[in-house]
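The values are calculated or read from the model by the stated rules, or taken from the named source; none is laboratory data. Since the structure is predicted, the reported quantities are computational estimates derived from the model, not experimental observations. So basically every Cβ, Gly included, is an ideal-geometry build from the backbone, and we count neighbours across all protein chains shown. Areas reflect the complete protein model, heavy atoms only, side chains present, ligands, DNA and RNA absent. Shrake-Rupley method; radii C 1.70, N 1.55, O 1.52, S 1.80 Å.
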Amino acid sequence: AYVLAVVASLVGYIVGAWLVRRRRAPLVPVLLVAVAIQLAPLAAPLLYSTDAYTYWAIGRVGAVHGGNPYVDPPSDWPDDPAYELMGAQWRDDTAAYGPLWVLASEGVARGAGESSDAAAWLFKVLAGVGSVILVLAAAAATAPRNRAFAAAFVGWNPVLALQFAGGGHNDTWMMAFPVA
């Protein structure tokens, strides 16, 4: 049922974006639908990956353990609640992200405490906010007559919604900044 729903949403996305492009839909309703689609996965559990827990573990290195995420890997604290949940292939690695994301991860680590659910939800919210900024940036960076299509093309995409707000991935921010 889930796979069918994802396929149906992808087909709906393609048809909807095509209609917006063809009929020149007004920007505000397209943006409202885009925001709803990008934020809808916040109501679901963490989807597809353990990246949010890896970010949490990296954040806890600095925020909780007083270590340096660029020097000290999460494996230095194997009893940490994030350790078992994070991607096993990243346990012995130090932070691979820039200082802004590491600081954000430390903020989430402080805010979530030892709650994996709170950490996952906070990273999903960060990703959802990044997705909304990405949609707005795509619309703003486009010629006025194509803004609604740009917003629909990015914001109505269910794959982006499921990966970003659904998975708590930071990639949405890496896309939002250059587009902005």
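Leaving out ligands, DNA and RNA, and with a 1.4 Å probe, what % of the accessible surface on the chain is carbon or sulfur? Could you put the intermediate results ahead of the total?
Numbers: 6150 of 9100 Å².
Its accessible area is 68 percent carbon and sulfur atoms.
Sorted largest first by accessible area at a 1.4 angstrom probe radius, with every protein chain in place, the residues Tyr83, Tyr70 fall in the order Tyr70, Tyr83.
Over the stretch 36-145, average the accessible area per residue using a 1.4 Å probe and give it in Å², no decimals.
Details: 5220 Å² over 110 residues.
Value returned for the stretch 36-145: 47 Å² of accessible area per residue.
Each Cα pair under 8 Å and six or more residues apart adds its separation to the average, and for the chain the resulting relative contact order is 34 percent. A 1.4 Å probe over all protein chains sorts Met86, Met175 by accessible area into Met175, Met86, starting with the largest.
Rounded to the nearest Hz, the phi-derived 3J(HN,Hα) couplings of the stretch 148-165 under the Karplus curve 6.51 cos²θ - 1.76 cosθ + 1.60 (θ = phi - 60°) are 5, 5, 4, 5, 5, 4, 8, x, 8, 6, x, 5, 4, 4, 5, 6, 7, 5, where x marks glycine and proline.
For Gly167, the amide hydrogen comes within under 5 Å of the amide hydrogens of Leu47, counting only partners 5 or more places away or on other chains and with H modelled in the peptide plane. Note on Asp76: accessible area approximately 80 square angstrom, rounded to 10, probe 1.4 Å, nucleic acids and ligands left out.
Using a 1.4 angstrom probe on the protein heavy atoms only, could you order Ile133, Ile14, Ile58 from most to least accessible area? Write out the running numbers ahead of the final one.
Numbers: Ile133 65, Ile14 100, Ile58 15 Å².
Reading off the accessible areas and sorting them downward yields Ile14, Ile133, Ile58.
Spatial offset of the stretch 66-98 relative to the stretch 152-180 amounts to 25 Å, using the alpha carbon center of each.
The chymotrypsin sites (Phe, Trp or Tyr not before Pro) of the stretch 27-65 that DSSP puts in a loop, and whose beta carbon has at most 16 other beta carbons within 10 Å, are Tyr48.
Trp77 contributes about 60 Å² of solvent-accessible surface, heavy atoms of the protein only, 1.4 Å probe. When nucleic acids and ligands are ignored and a 1.4 Å probe is applied, Glu114 ends up with an accessible area of around 140 Å². Here the relative contact order of the stretch 76-180, from alpha carbon pairs under 8 Å that lie six or more residues apart, stands at 27 percent.
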